[in-house]
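The values are calculated or read from the model by the stated rules, or taken from the named source; none is laboratory data. All of these numbers come straight from a predicted model, not from anything done at the bench. Methodologically, a virtual Cβ is constructed for each residue, glycine included, from the backbone with ideal geometry; neighbour enumeration extends over all protein chains shown.
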Amino acid sequence: MNSDLILLGHGSGGRLSHQLLDQLIIPALNGADPASQNDAAVLDLPEGRLAYTTDSFVVDPIFFPGGNIGSLAVHGTVNDLAMMGARPLYLSVGLIIEEGFGKPDLERILRSMREAADQAGIRIATGDTKVVPRGKADRIFINTSGIGLISPGLTIQGANARSGDLIILSGTAGDHGVAVMASREGLKVGTDIRSDAASLNGMVAEIIAAAGSNLHVLRDPTRGGVATTLKEIAMQSGQAITIREEDIPVKPAVRGVCSILGLDPLFVANEGKLLAFVAPQAAQQTLERIRQHPLGGQAAIIGSVSAGEAGRVSMETIVGGLRAVEMLAGEQLPRIC
């Protein structure tokens with residue numbers, strides 16, 4: 001028997017399950033002592049409104065330039081909380097592991113989750129582990145749920161976009177999707193293309209401090225990319241949006257790969273960027289604050305909101321035309337997150 005592999009017995013609830021939890025998973029994720037391991041976590045919650053989110057991660061491959069499925073799971077959940085203006089507090093982790101998965105790879109994933117959680121200041125409070133037979137999953141899937149605290153008087157949501165708002169993109173578009181796709185297909189694209197996966201709650205705190213009540217919308221453009229996210233916000237708010245192609249930051253390497261493969265960077269997933277809709281009087285100050293953040297050096301104002309046709313998104317192209325921007329139709333790059 002190879003002791004470095006996950007067996008069906010590790011999901012039985014018996015001795016092997018307890019060994020996996022006590023020797024690997026719990027020490028790696030939160031270090032809880034056996035006396036505190038009960039059927040549910042007991043959470044201390046400050047006063048205020050709670051944000052609660054859940055997500056599942058099935059990315060292929062599970063290791064890619066700039067991250068892995070574990071760090072991605074933490075970053076993605078933290079960011080969903082942060083986009084509501086919430087301070088992330090607690091995280092749950094559900095692992096679905098295929099029989100035969102290597103313990104060294106599991107340990108690497110768990111370690112990256114703990115590191116990402118520590119950096120974001122969120123506590124991994126509870127979790128669950130299941131093992132399924134060979135062929136019933138693809139190595140490992142992860143489900144996470146997160147709880148965060150929203151300060152009194154703070155309301156950030158897609159329906160809040162207002163005519164006159166300027167739209168800030170916090171960095172280059174398409175990095176995550178292209179990095180994962182290139183790794184999956186074995187494309188030699190050099191070292192310039194890495195996933196941008198990162199927790200953005202620190203940046204969000206800076207944005208809130210800079211913009212205050214002039215901040216109306218935050219959203220991280222994950223699946224469907226910047227284009228689909230903008231369309232969602234236009235429809236939620238009943239406003240029209242116009243963006244400028246020449247102002248949208250895209251890395252030359254990402255643009256090159258997209259050109260070769262017939263992809264549009266605007267529709268490619270991001271995992272460490274955000275869109276901020278800010279009243280014009282606070283936009284420049286907010287942009288400067290974002291650029292001072294380690295993750296925001298290439299932030300740019302890419303467009304604005306107007307009271308035009310409700311739900312319409314248009315892009316001023318580099319050649320001077322105007323084209324409609326719609327939601328992504330179908331799945332451009334499957335298994336991205």
Scanning segment 313-337 for residues that are closer than 13 Å to residue 231 by Cα and touching a Ser or Thr at 6+ places or on another chain (Cβ under 9 Å), the one modelled with the lowest pLDDT turns out to be 328
So for segment 256-274 (the condition being within 19 Å of residue 216 (Cα to Cα), crowded, with 23+ Cβ neighbours inside 10 Å and aromatic (Phe, Trp, Tyr)), does at least one residue qualify?
no
Mind checking which residues of segment 23-65 are among the hydroxyl-bearing types (Ser, Thr, Tyr) and either buried (at least 16 other Cβ atoms within 10 Å of the Cβ) or under 16 Å from the mean Cα position of the chain (by Cα) (or both)?
52, 53, 54, 56
Among residues belonging to segment 187-200 that are out of contact with any Leu (no Cβ under 7 Å at 6 or more places or on another chain) and buried (at least 21 other Cβ atoms within 10 Å of the Cβ), point out the one that is farthest from residue 159 (Cα to Cα).
193
Just need a number here: residues in segment 152-186 that are crowded, with 24+ Cβ neighbours inside 10 Å and in a helix (DSSP H, G or I).
7
